Structures are given as C-alpha cells and as structure tokens.
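Here is the structure we will look at, set down as structure tokens.
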Amino acid sequence: MLGQMMDVPLSISNLLVHADRFHGDTEIVSRRVEGDIHRYTYRDAHRRSRQAASALQGLGIAPGGRVATLAWNGYRHFELYYGISGSGRVMHTINPRLHPEQVAWIANDAEDEALFFDLSFAPLIDAVAPLCPKIKHWIALCDEDRLPALKTVKPIAYETWLAGGSADSAWPVLDENAAACLCYTSGTTGNPKGVLYSHRSTVLHALGSIMPDVMGLKATDVVLPVVPMFHVNAWGTAYSCPIVGAKLVFPGSGLDGKSLIELFEAEKVTFTAGVPTIWLGLLQELQKTGQKLSTVNRMVVGGSACPPALMKAFKDDYGIHIHHAWGMTEMSPLGTFNALKEKHLSLSEDDQFKIHVKAGRPMFGVDIKIVDDAGKELPWDGVAFGDLLVRGPWIVKQYYRRDESPLVDGWFPTGDVATIDPDGYVQITDRSKDVIKSGGEWISSIDLENIAVSHPAVAEAGAIGVFHPKWDERPMVVVVLKEGRSATVEEILAHYEGKIAKWQIPDDVQFVDELPHTATGKISKLKLREAFKDYVLPTAGEALAGR
Ligand code: AMP
C-alpha cells in the first residue's frame with residue numbers, strides 16, 4: 001500500500017521560492033571584486049535567478065547541460081547556483097586556485113558549455129580558453145562598463161546578458177533525482193573525479209545541515225561562509241540559509257584576517273565556516289591588533305583537522321565556540337558534526353573539551369563504520385582505528401562518467417582512518433595516504449601537527465614520514481613560526497615529551513616560511529613529501545652506523 005501524501009519533488013529552486021515568500025526582505029550582502037559592498041534581498045535574488053534561468057535558454061544550453069563558474073562567494077554566483085540548477089541545467093563550480101591546465105582538464109571532462117567568471121580571473125580565462133574549445137560562452141560577472149578585454153575570447157557582460165532574461169516564468173518541475181550540481185574532488189593523486197549531486201541529495205543535505213546539533217541555523221543568524229562556493233558548495237550554506245531565512249554575507253576575495261574582521265563587525269555576523277588555515281590567519285590578526293569579535297558566536301571548522309590549540313584560543317580569549325565538522329566532496333560534504341550530549345553536561349570543562357576536539361558524530365542521514373584491512377568491522381571503543389566507510393542519501397554512488405563503482409558492499413570508503421567511541425564520536429587519525437608508518441607501527445600525522453601547533457611559537461605545522469634505513473619511515477614536522485617568535489629544534493621536540501609515546505616523537509624539525517597548501521586550503525602533504533624526499537634524517541646516519 002502506498003502512502004497518500006502529495007508528490008512534491010525536492011528541488012533546489014524551492015529553497016529560494018521559500019526564502020522569497022517568507023524572508024523576502026532579508027538581506028544578502030556581498031563584498032564585490034569591484035571593491036564595494038552590494039546589498040539586496042532574497043526577493044531580488046529570486047527574481048534575478050529566474051532571469052538567469054530564462055537567459056540560459058537564450059544561450060542554447062539544453063536541460064542537463066553543464067555550466068561552469070570560476071567565482072568567489074558573491075550574489076551573482078548565488079543567482080547562478082539557483083538559475084542554473086533550477087532551470088534543469090548542471091551548475092559546475094570550478095576551483096580557480098587550480099593550475100590553468102587542471103581547470104581546463106576539469107572543464108573538458110565535464111563538457112561545460114558556458115563559463116561565468118569573476119573579473120579577478122580574467123588572466124586565468126586567457127590561459128584556459130585556448131584549451132577548452134567546447135566552451136561556447138564566456139560571461140564576465142560584471143556590468144557592461146567593466147567588461148574586460150581578453151586576448152583569447154570575447155566575453156559578454158553578466159548584467160547585459162541577465163537583462164535579456166525574463167523573471168516571469170515559474171521554475172520548471174524537475175525530477176528530484178535529476179543532476180543539479182557538479183564538483184570535482186581535490187585529486188591529490190591522479191586526475192580529479194566529478195561528484196554529481198542531485199536536487200534530492202542537495203535538499204536533503206541542506207535540511208540535515210540546519211538541525212540543532214549540526215549547524216543549528218536560524219532566521220536570526222547572519223551567516224558568512226568563508227568556505228568558497230567552489231569548495232563543495234560552500235558546505236551547503238547557499239542552500240541551507242534560504243531554508244531558514246538567515247541573512248547571508250559573502251566575502252568575495254577578502255579572506256584575510258583583516259578583511260574578515262571588518263565584515264564580521266559591520267554586518268553583525270553570528271555564524272561562519274571555513275578551513276583551519278583561515279581561522280589561524282584570523283586568530284593571528286586578532287592577537288596582533290587586540291580586536292574582539294562582538295557578534296560571532298559559532299564557527300565551523302572542517303576540511304582538515306582543527307588543532308585543539310586553535311579551538312581553545314577562540315573559546316578562552318574570544319568566547320567563540322568552534323564546532324569541528326568532518327566530511328568530503330563525495331558527501332556533499334557534511335558527515336559528522338561536533339555537539340555534546342546531555343550526559344556530557346555534567347563533565348568538567350577539560351573533559352568536555354576532549355569531546356569537542358573530535359570530528360563529531362554523524363548527523364541523521366549518514367551511517368558510518370570502521371573496518372580493518374580484511375574488511376572486518378572494528379569496535380567503537382575510541383581506540384581501534386581503521387578505514388572509515390559511510391553511506392547515506394547525499395553520499396556518492398558513482399563518479400561522473402566513470403564506469404566502476406567506488407562502493408564496497410554499498411558503503412563508500414572515505415580514504416580516512418578513524419576511531420569511533422561508544423557514543424559515536426569519530427576521531428580522524430589521518431588520511432590513509434598520510435599515515436606515517438614507522439617500523440610497521442602507525443603514527444598519526446594529525447596528532448603530531450596538533451602538538452606542534454600547541455607550542456606558543458608555532459603558527460602552522462605539517463608532519464610527514466621521511467625515509468629511514470631502519471624504520472622505513474620516521475616522522476618529521478615542518479613548522480612555520482609565528483611572526484616575531486623563535487624556537488629551536490630541541491625546544492619543539494621537547495614539547496612532545498609526555499604528550500605521546502616516545503617512539504612517536506618526530507626525529508627532526510624543519511623551519512620554513514610557508515607551508516604548501518592545496519587549492520582547498522589544506523596542507524599539501526604531497527608537496528611537502530616531494531620537497532623532503534631526498535632529505536636525510538639525522539637519525540638515519542646513526543642507524544647506518546649501527547648506533
Ligand atoms: P574535500 O573533498 O576536499 O572536502 O576533502 C575531504 C577530506 O578532508 C576528508 O576525506 C578528510 O581527509 C579531510 N577532512 C575534512 N574534514 C576533516 C576533519 N574535521 N578532520 C580531519 N580531516 C578532515
């Protein structure tokens with residue numbers, strides 16, 4: 001027997017229809033690459049998104065056609081999120097921090113037909129366009145007056161193009177399983193792979209993400225997604241904010257501490273989300289200037305492990321709670337989110353903090369397990385660690401245009417290694433490729449980095465395994481010192497004493513001015529390993545001499 005309820009498909013356009021009807025005058029504020037602040041409302045965004053949908057018709061892109069963006073977080077990008085997906089086409093956000101050849105490879109793999117770009121990426125377009133002959137339309141996100149003259153293609157101005165569209169027609173009714181947006185994985189090894197989200201998966205993920213023990217978003221919130229709209233759809237915030245009617249603040253290209261503080265304060269931001277590197281930069285700026293954040297009360301950190309020292313500094317010195325979250329492109333991206341349970345409320349602050357630093361527990365919709373090398377499920381005791389597998393309605397089933405399924409018995413192997421405690425809290429030990437294997441024993445690079453960053457002179461740290469003649473690999477930590485601070489190798493190594501087992505303490509420390517980062521702001525272990533591949537550890541000589 002079937003249920004007898006209305007058959008209303010879940011669709012991305014309905015999120016914005018809702019925001020227009022019930023939060024029509026709520027603001028969306030954007031810092032533009034043009035240098036000014038732009039303000040309008042959900043109602044305006046809805047009107048212009050429908051115009052964009054109609055103007056896409058004019059470009060001759062059929063339903064299902066892929067339309068790419070190379071753009072910062074801003075109102076025009078937001079309109080395209082809805083105009084492209086809502087009209088039945090596929091919104092393909094590309095990470096502009098990638099090398100031009102990678103951008104072109106991704107655009108060609110996706111078979112993008114049009115590409116919208118922010119003015120700051122005009123030189124990138126000149127590098128990419130000759131490699132992408134199938135892209136027929138190049139649209140600069142600006143008005144006619146600011147249209148850039150490019151060497152390779154003749155772009156059209158977004159505002160002129162948009163004015164040709166009509167806001168009169170209603171959104172088409174789409175199959176909820178139709179493709180809506182496409183993101184490519186960071187691809188640290190091999191070519192990146194496309195993850196093709198559906199309307200259904202996107203809406204379910206957005207609904208899941210606003211729950212109280214997840215992002216807990218409300219109509220009284222002012223949300224500033226620092227995480228880019230080209231990094232897994234800004235973790236869904238462009239979809240979740242319209243559901244609750246939260247005010248949105250888009251930072252454009254200003255992601256440094258100073259620019260963020262200005263915007264946080266001016267727009268009374270309450271909630272923000274980003275990768276640890278961004279929050280490290282913000283913390284340093286706050287410490288340097290002595291400023292406080294008067295309205296921000298929650299921050300989400302994900303994309304890489306959050307150093308406990310960072311969480312502690314924001315909590316103790318600024319009264320801001322950092323929520324640790326974990327997920328990945330293949331998971332839309334949210335999988336776990338950190339929030340306490342009722343039974344934890346009576347714990348001491350220190351014991352609560354031990355829970356806060358974990359990656360959190362799965363939100364409804366996501367199931368998890370850890371397995372050993374033979375695929376046997378491991379216990380949830382907070383000690384046993386193994387490969388983390390996930391499943392749920394917003395988790396990838398198949399990569400875009402790849403035949404083979406990545407699933408193992410219906411579960412997606414994340415490539416992360418983790419423990420799960422009896423309450424379901426996940427602790428990510430490492431990316432399986434980054435685990436340091438010393439004499440057959442595993443050392444968590446995340447643990448080593450977190451300890452280094454808790455040293456008062458250390459700003460950022462990356463731990464890698466370096467060849468060792470006796471142990472195969474031994475850990476080394478590569479450190480960036482805080483401005484004006486100094487420390488010696490011995491001091492950093494002494495800081496590890498008593499915090500981990502002796503054999504896990506790194507063999508060496510290297511000081512660098514800057515660590516290499518990936519296009520999504522993670523420390524690039526690949527580049528770090530590459531940089532030190534011929535490095536001879538001081539302990540290697542001792543081993544060879546038989547000491
Ligand atoms: P991406 O697909 O670029 O979002 O990268 C996903 C990967 O980032 C995950 O598989 C993890 O290795 C890493 N990651 C994300 N969040 C966390 C976290 N809270 N702690 C540790 N690693 C994380």
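A few remarks follow.
- Unmet criterion (only one of (1) part of a loop (DSSP other than H, G, I, E, B); (2) surrounded by fewer than 24 Cβ atoms within 10 Å (Cβ to Cβ)) for F230: (2)
- Candidate set: the stretch 108-139, residues that are in contact with an Asp or Glu (Cβ under 9 Å, 6 or more places away or on another chain) and either within 15 Å of W72 (Cβ to Cβ) or aliphatic (A, V, I, L, M) (or both); chosen: the one surrounded by the most Cβ atoms within 10 Å (Cβ to Cβ): V128
- Lone qualifier among R401, R391 - being within 22 Å of the chain's Cα centre (by Cα) and more than 14 Å from the ligand (Cβ to nearest atom): R391
- Residue that is surrounded by the fewest Cβ atoms within 10 Å (Cβ to Cβ), among those in the stretch 140-165 that are part of a loop (DSSP other than H, G, I, E, B) and charged (D, E, K, R): K154
- A search for C-beta distances below 8 Å between a residue of the stretch 292-305 that is over 18 Å from T220 (Cα atoms) and free of Cβ contacts under 8 Å to residues at least 60 places away in the same chain and any residue that is within 16 Å of the ligand (Cβ to nearest atom) and among the hydrophobic types (A, V, I, L, M, F, W, C), counting only pairs 6+ apart in sequence or on different chains, returns V301/A273; V301/V275; V301/W279; V301/L310; V301/M311; V301/I322; V301/A325.
- Of all residues in the stretch 276-321 being among the hydroxyl-bearing types (S, T, Y) and outside any helix (DSSP H, G or I), the one that is nearest to the ligand (Cβ to nearest atom): S304
- Elements of type strands (runs of 3 or more DSSP E) contained in the stretch 422-468, each with 2 or more residues being within 15 Å of the ligand (Cβ to nearest atom): 426-431, 458-468
- When the stretch 200-227 is filtered for residues that are in a strand (DSSP E or B) and within 16 Å of the ligand (Cβ to nearest atom), only P225 remains.
- Taking every residue in the stretch 345-364 that is under 14 Å from Y425 (Cα atoms) and pairing it with any residue that is surrounded by 13 or more Cβ atoms within 10 Å (Cβ to Cβ) and aromatic (F, W, Y), at least 6 positions away or on another chain, the pairs with Cβ-Cβ distances below 6 Å are K358/Y425; A359/W326; G360/F337; R361/Y425; M363/F337.
- Residue-level analysis places T488 outside the set of residues that are at pLDDT below 90 and either surrounded by 20 or more Cβ atoms within 10 Å (Cβ to Cβ) or away from the ligand (no atom under 16 Å from the Cβ) (or both).
- Hey, A325 away from the ligand (no atom under 16 Å from the Cβ), outside any loop (DSSP other than H, G, I, E, B) and buried (at least 17 other Cβ atoms within 10 Å of the Cβ) or not: no
- In the set (1) within 16 Å of the ligand (Cβ to nearest atom); (2) among the hydrophobic types (A, V, I, L, M, F, W, C); (3) at pLDDT 95 or above, V269 fails one condition alone, (1).
- Number of positions in the stretch 241-282 that are of a type in the set (G, A, S) and closer than 22 Å to I523 by Cα: 6
- Scanning the stretch 409-421 for residues that are touching a residue at least 40 places away in the same chain (Cβ under 8 Å) and either more than 15 Å from the ligand (Cβ to nearest atom) or closer than 15 Å to I355 by Cα (or both) gives A418, T419, I420, D421.
- Checked against the criterion of being without any contact (Cβ under 8 Å) to a residue 40 or more places away in the chain, of a type in the set (V, I, T) and within 29 Å of V417 (Cβ to Cβ), the candidates T237, T277, T289 yield just one match: T237.
- Filter pass, Q284 being in contact (Cβ under 8 Å) with a residue 40 or more places away in the chain and farther than 28 Å from V366 by Cα: yes
- Criterion: of a type in the set (D, E, K, R) and outside any loop (DSSP other than H, G, I, E, B) - qualifying residue of D126, D168, D175: D126
- Among the residues of the stretch 329-364, the one identified as assigned to a helix (DSSP H, G or I), more than 10 Å from the ligand (Cβ to nearest atom) and surrounded by 21 or more Cβ atoms within 10 Å (Cβ to Cβ) is H356.
- Residue match in the stretch 365-385 (condition: without any contact (Cβ under 8 Å) to a residue 12 or more places away in the chain and either within 16 Å of the ligand (Cβ to nearest atom) or among the hydroxyl-bearing types (S, T, Y) (or both)): no
- Residue satisfying all of: in the stretch 505-541; among the acidic types (D, E) and in a loop (DSSP other than H, G, I, E, B); nearest to I451 (Cα to Cα) among these: D507
- Against the test of being modelled with pLDDT under 95 and not polar (S, T, N, Q), the options H468, H495 yield a single qualifying residue, H468.
- Of the residues making up the stretch 509-527, just one is touching a Pro at 6+ places or on another chain (Cβ under 6 Å) and either at pLDDT 95 or above or of a type in the set (D, E, K, R) (or both), namely K527.
- One residue stands out in the stretch 258-275 among those that are assigned to a loop (DSSP other than H, G, I, E, B) and aliphatic (A, V, I, L, M): the one that is surrounded by the most Cβ atoms within 10 Å (Cβ to Cβ), namely V269.
- Here the condition is being surrounded by 24 or more Cβ atoms within 10 Å (Cβ to Cβ), farther than 26 Å from N14 by Cβ and at pLDDT 95 or above; of V90, V103, V67, it holds for V103 alone.
- If you check H92, H77 for being assigned to a helix (DSSP H, G or I) and closer than 30 Å to G190 by Cα, only one passes: H77.
The values are calculated or read from the model by the stated rules, or taken from the named source; none is laboratory data. Just so you know, these numbers come straight off a predicted model, no measurement behind them. We place every Cβ from the backbone using ideal geometry, glycine too, and count neighbours over all the protein chains shown.
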